[in-house]
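The values are calculated or read from the model by the stated rules, or taken from the named source; none is laboratory data. Computed from a prediction, not measured in an experiment: that's the story for all the values here. These accessible areas exclude ligands, DNA and RNA; they are computed on the full protein's heavy atoms, side chains included. Shrake-Rupley method; radii C 1.70, N 1.55, O 1.52, S 1.80 Å.
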Amino acid sequence: MAILLLGLALFTLVHLFPVFLPGPRAALVARLGKQPYRGLFSVLVIGSFYLIYLGWTSAEVMPVYTPPAWAFHVTPLLVLIGFILFFSSKAPTNIRRLIRHPQLTGVTFWAVGHLLANGENRSVLLFGSLLVWAIVAAIGTNRRDAEWVKPPRQVFIKDIVTVFIGAALYVGFIMIHEWLIGVSPMP
């Protein structure tokens with residue numbers, strides 16, 4: 001469980017550094033250069049994912065709570081919404097006009113869905129940590145960036161294409177979920 005906690009701490013710190021410490025981030029970018037900074041950021045994120053994966057697969061599983069029976073039916077919808085929002089964050093869509101942080105909101109839906117369906121210690125730690133991170137990151141980004149300037153309106157077909165891509169990626173991930181994560185998302 002310590003490895004999982006270490007990976008989550010690394011992921012959180014790396015992602016919150018530019019949100020809450022923009023001055024030191026700018027100084028680091030100035031010293032390293034923009035591309036080397038991005039490379040370092042990417043290496044640290046990949047390292048955190050690796051530690052999270054190792055921690056997840058090696059953790060001794062113990063129940064924390066019993067998920068409600070209905071949660072298994074709600075979770076796929078919440079995760080689907082999470083996928084669509086996550087992937088709409090960089091696309092030119094009207095979704096970005098409605099939701100200031102679609103990627104962080106998508107992580108929130110994804111984490112809540114998983115917390116509803118999974119009640120063991122490693123799930124509570126993983127999904128609970130990512131839920132808290134997404135909320136804190138959204139609040140911190142709002143404070144850092146001040147007023148929200150909405151992007152320009154887009155043609156509706158871009159929203160449809162983005163929803164389709166998000167749904168297709170969701171279906172694809174369901175198909176590899178058990179192989180990749182070791183847990184079947186289906187009953």
| request: Quick one, could you list the DSSP H helices from the chain stretching 18 Å or more along their long axis (Cα atoms) with average Kyte-Doolittle hydropathy of 0.0 or above? | output: 2-20, 34-58, 71-88, 102-117, 121-145, 156-181
| Which shape class, rounded, prolate or oblate, goes with the chain when its Cα gyration tensor gives a ≥ b ≥ c as root eigenvalues, a/c under 1.5 marks rounded, and past that a/b bigger than b/c marks prolate? | oblate
| query | In the Gaussian network model of the chain, springs joining C-alpha atoms below 10 Å, which of PHE109, PHE86, PHE173 carries the largest mean-square fluctuation? | reply | PHE173
| field | Taking N as its residue count, the alpha carbon Rg of the range 59-167 over 2.2 N^0.38 Å | value | 1.21
| query | How much area per residue is accessible in the chain when the probe is 1.4 Å and only protein heavy atoms are counted (Å²)? | reply | 59
| remark: Scoring the range 1-137 by relative contact order with C-alpha pairs under 8 Å, at least six apart, yields a percentage of 29
| task | Give me the percent of the accessible area of the range 71-187 that comes from carbon and sulfur atoms, probe 1.4 Å, all protein chains in place. | result | 72
| message | With 13 Å as the cut-off, how large is the P(r) tail for the range 102-163, expressed as percent of Cα-Cα pairs? | response | 70
| Over what distance in Å are the Cα centres of the range 125-142 and the range 1-75 separated? | 11
